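Trainee: Take a look at the following structure, please.
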Amino acid sequence: MFRIEDYRKSADYIKSIIGEFTPDILLILGSGLGFIGDLVENPVFVDYGSIPNFKKSTAPGHAGRFVFGRIRGKNVAVMQGRMHYYEGYSMEEVAYALRTVRLLGAGKLIVTNAAGSVRPDWKIGDIMLISDHMRFFADSPLRGENIEEFGPRFFDMSSAYTPKLRELAKEKAESLGIPLREGVYMYFAGPQFETPAEIRAASILGADAIGMSTVPEVTAAVQCGMEILGLSLLTNMAAGISTTVLSGEEVIAEGQKASGYFSKLVLECLEEM
Ligand code: HPA
């Protein structure tokens, strides 16, 4: 279990590199979407591997570093790559970076991911605005002694994905002419893709998209009072709906294909957050 001192040590190390710079918005970029980090002006890079207590991101398509700087007039911390439970980390470790950036001052979060579509009427390449999420089959990242500095032991999750940011995303998508789905993201721990039976169950439970990330970070972000915008790129049809063999390569390739319009939407939202 980490203590507040551990998070402070990590934050202090980062401060020793970025100096007076204070990030306002944290961007966590999913598989194949890390290129948004390359748009940061006057970037300062901090490799996860160099930060005390940090875990490396080993997933393909994840560079494993922070980029601090400005995009569209905003002070940002970009995570090029994130930690996943399937890499062998605890849920607490998966949420560690987010809490560290919260200590650096960020009060807002844009989180993106690649996800499988549970909805047969949706298409590969569609973007889904996350309205809510489900996590039944994994621990909470906040299990264990509560760290009061990050928020209360028990807290409300009824509007985790900040309503006014969801409205903003819808307006921006409309003005850019980018179709935007909206729905519920369901967390599965992976690393294997789900079985068709699991996807049928998820569908009955009310899921619209499936993925292996985002929920741990969002849970920790809600506790520490961050405003949250979540966007999924649907890189494949989920198991049983898909007629092809699911693969990590497909996820990354579809992420790259969508990079133009996906980044446009993220940046337009960022500008007004
Ligand atoms: N399932 C889980 N995670 C994913 C998927 C999927 O179908 N696609 C991209 N990430």
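Trainee: For 86, 48, what's the largest-to-smallest order of accessible area, 1.4 Å probe?
Mentor: Reading off the accessible areas and sorting them downward yields 86, 48.
Trainee: When the accessible area of region 142-273 is split by element with a 1.4 Å probe, what percent falls to carbon and sulfur?
Mentor: 53 percent
Trainee: Tell me, what is the per residue accessible area of region 182-248 in Å², probe radius 1.4 Å?
Mentor: Heavy-atom SASA per residue in region 182-248 reads 33 Å².
Trainee: With n ≥ 4 as the cut-off for DSSP H runs, can you work out [θ] at 222 nm for the chain, using -39500 (n - 2.57) per run divided by the number of residues, rounded to the nearest 500?
Mentor: Only helices count here, giving -9000 deg cm²/dmol.
Trainee: Which translational diffusion coefficient, to the nearest whole µm²/s, is obtained for the chain from the Stokes-Einstein equation, given a Kirkwood hydrodynamic radius over C-alpha pairs, 25 °C and 0.890 mPa s?
Mentor: It diffuses with D of about 133 µm²/s by this estimate.
Trainee: Quickly work out the residue 204-to-residue 137 label distance, labels modelled 7 Å from Cα along the C-beta direction, and quote it in nm with one decimal.
Mentor: With each label point 7 Å from Cα toward Cβ, the separation is 1.4 nm.
Trainee: Additional query: Counting only protein heavy atoms and using a 1.4 Å probe, what share of the accessible area of region 50-135 belongs to carbon plus sulfur, as a whole percent?
Mentor: Carbon and sulfur together cover 44 percent of it.
Trainee: Okay, moving on. What accessible surface, in Å², does a 1.4 Å probe find on residue 121, ignoring ligands, DNA and RNA and rounding to the nearest 10?
Mentor: 100 Å²
Trainee: What are the DSSP H helices in the chain that stretch 15 Å or more along their long axis, judged by alpha-carbon atoms, and whose average Kyte-Doolittle hydropathy comes to at least -0.5?
Mentor: Qualifying helices, which must be both long enough and hydrophobic enough, are 4-18, 259-271.
Trainee: Just to verify a number: FRET efficiency for residue 42 and residue 264, C-beta to C-beta distance, R0 = 22 Å, to 0.05?
Mentor: It comes to 0.50.
Trainee: Just in region 164-273: which chymotrypsin sites (Phe, Trp or Tyr not before Pro) are loop by DSSP and have at most 13 other Cβ atoms within 10 Å?
Mentor: Loop-located and lightly packed - none at all.
Trainee: Largest first, how would 100, 244 line up by accessible area (1.4 Å probe)?
Mentor: Most to least solvent-accessible, the answer reads 244, 100.
Trainee: On to the next question. Which order do the peptides 250-260, 137-147 come out in when sorted by mean C-beta neighbours inside 10 angstrom, highest first?
Mentor: With the highest mean Cβ count within 10 Å placed first, the list reads 250-260, 137-147.
Trainee: When the Debye formula is applied to the Cα atoms of region 84-235, each taken as the same point scatterer, what base-10 log of I(q)/I(0) results at q = 0.08, 0.09, 0.15 Å⁻¹?
Mentor: Each listed q corresponds, in turn, to -0.22, -0.28, -0.79.
Trainee: Which whole-angstrom value gives the distance between the alpha carbon centres of region 198-238 and region 83-157?
Mentor: 8 Å
Trainee: Which of 39, 241, 226 sits closest to the plus end of the dipole of the chain, meaning its Cα is farthest towards the positive end, when Lys and Arg get +1 and Asp and Glu get -1 on the C-beta?
Mentor: 39
Trainee: Now for a separate question. Rounded if a/c is under 1.5, else prolate if a/b is larger than b/c, else oblate: which is region 79-123, with a ≥ b ≥ c the root eigenvalues of its Cα gyration tensor?
Mentor: Oblate is the answer for region 79-123, as a/c is 1.5 or above yet b/c matches or exceeds a/b.
Trainee: Measuring with a 1.4 Å probe in the full set of protein chains, what accessible area per residue, in whole Å², belongs to region 64-167?
Mentor: That works out to 40 Å² per residue.
Trainee: Could you check the simple spin-label distance between residue 244 and residue 6, using points 7 Å along Cα→Cβ, in nm with one decimal?
Mentor: Placing both labels 7 Å beyond Cα along the Cβ direction yields 4.0 nm.
Trainee: Now, a different point. Using 7 Å Cα-to-Cβ label points, what is the residue 153/residue 20 separation (nm, one decimal)?
Mentor: Placing both labels 7 Å along Cα→Cβ, they lie 4.2 nm apart.
Trainee: Then there's this: Could you name the aspartates and glutamates whose alpha carbon sits less than 15 Å from that of residue 257, not counting residues in the same chain fewer than 8 places away?
Mentor: Result set, ordered by chain and number: 126, 249.
The values are calculated or read from the model by the stated rules, or taken from the named source; none is laboratory data. Predicted, not measured: the structure shown is a model, and the values here were computed from it. FYI the Cβ positions are ideal-geometry reconstructions off the backbone, even for glycines, and counts take in every protein chain you see. These accessible areas exclude ligands, DNA and RNA; they are computed on the full protein's heavy atoms, side chains included. Shrake-Rupley method; radii C 1.70, N 1.55, O 1.52, S 1.80 Å.
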